[in-house]
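The values are calculated or read from the model by the stated rules, or taken from the named source; none is laboratory data. None of the values given here were measured: they were computed from a predicted structure. Cβ atoms come from the backbone with ideal geometry, glycine included; neighbour counts cover every protein chain shown.
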Amino acid sequence: MRMDFQAACSHGLARRATRQPSGCPTTRNPLSQRLRLQRQAMKTVLYAVDRLDRNVAVLVSDRGETIEMPRLELPSGIHEGSVLRVRFGAQNLPDWSSAVIDREEETRRLKEAKQQLDEMKRSDPGADIKV
């Protein structure tokens, strides 16, 4: 089977032991690298709005990391308890321009918190502590 130089480069066949011939891409598989970058770009992280202080929103990630962001860089309509879904960019950093309010997740979290509080109330004997 005979291949031209460009096809050999794209299949990785034109590589030598320690260096690539000129004209070949420097990555092993440009398609897999592009797909990896696209997957990274599709990753999202959730941030809960902990509090709003004047022009700053204090956000908490699901990993417990706290970050302060100018309110102007976040979607309008946020309030304490809002959940923001933020995509990661190519450098694996949050892309704040992609932030959207995730009302379904906010509702789910509120329901879960209410259930936990109800469970704590049911298991509390209700007696005061006497010293």
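If I ask for residues that are more than 14 Å from V100 (Cα to Cα) and among the hydroxyl-bearing types (S, T, Y), which ones from region 53-84 would you list?
S61, T66
Of the conditions (1) polar (S, T, N, Q); (2) at pLDDT 65 or above; (3) surrounded by fewer than 10 Cβ atoms within 10 Å (Cβ to Cβ), T18 satisfies every one except a single condition; which number is it?
All conditions are met except number (2).
Can you tell me which residue within region 73-103, out of those that are among the polar types (S, T, N, Q) and in a helix (DSSP H, G or I), is farthest from the chain's Cα centre (by Cα)?
Result: S97.
For the structure I just gave you, tell me whether V45 is of a type outside the set (D, E), modelled with pLDDT of 95 or more and within 30 Å of L110 (Cα to Cα).
no
Enumerate the pairs (first residue in region 84-107 and within 16 Å of S61 (Cβ to Cβ); second residue anywhere and modelled with pLDDT under 95 and of a type in the set (F, W, Y)) with beta-carbon separation below 7 Å, excluding pairs fewer than 6 apart on the same chain, so at least 6 apart or on different chains.
Pairs that qualify, where the first residue is within 16 Å of S61 (Cβ to Cβ) and the partner is modelled with pLDDT under 95 and of a type in the set (F, W, Y), are V86/W96; P94/F88; D95/F88.
Of these, E119, E106, which one is within 14 Å of Y47 (Cβ to Cβ) and assigned to a helix (DSSP H, G or I)? Write out each step before concluding.
On the way: E119 fails: within 14 Å of Y47 (Cβ to Cβ).
So the residue among E119, E106 that is within 14 Å of Y47 (Cβ to Cβ) and assigned to a helix (DSSP H, G or I) is E106.
Of all residues in region 46-72, count the ones that are surrounded by 15 or more Cβ atoms within 10 Å (Cβ to Cβ) and assigned to a loop (DSSP other than H, G, I, E, B).
0
Going by the structure shown, is R51 closer than 21 Å to E105 by Cα and at pLDDT below 95?
Numbers: closer than 21 Å to E105 by Cα: yes; at pLDDT below 95: no.
Answer is no for this residue.
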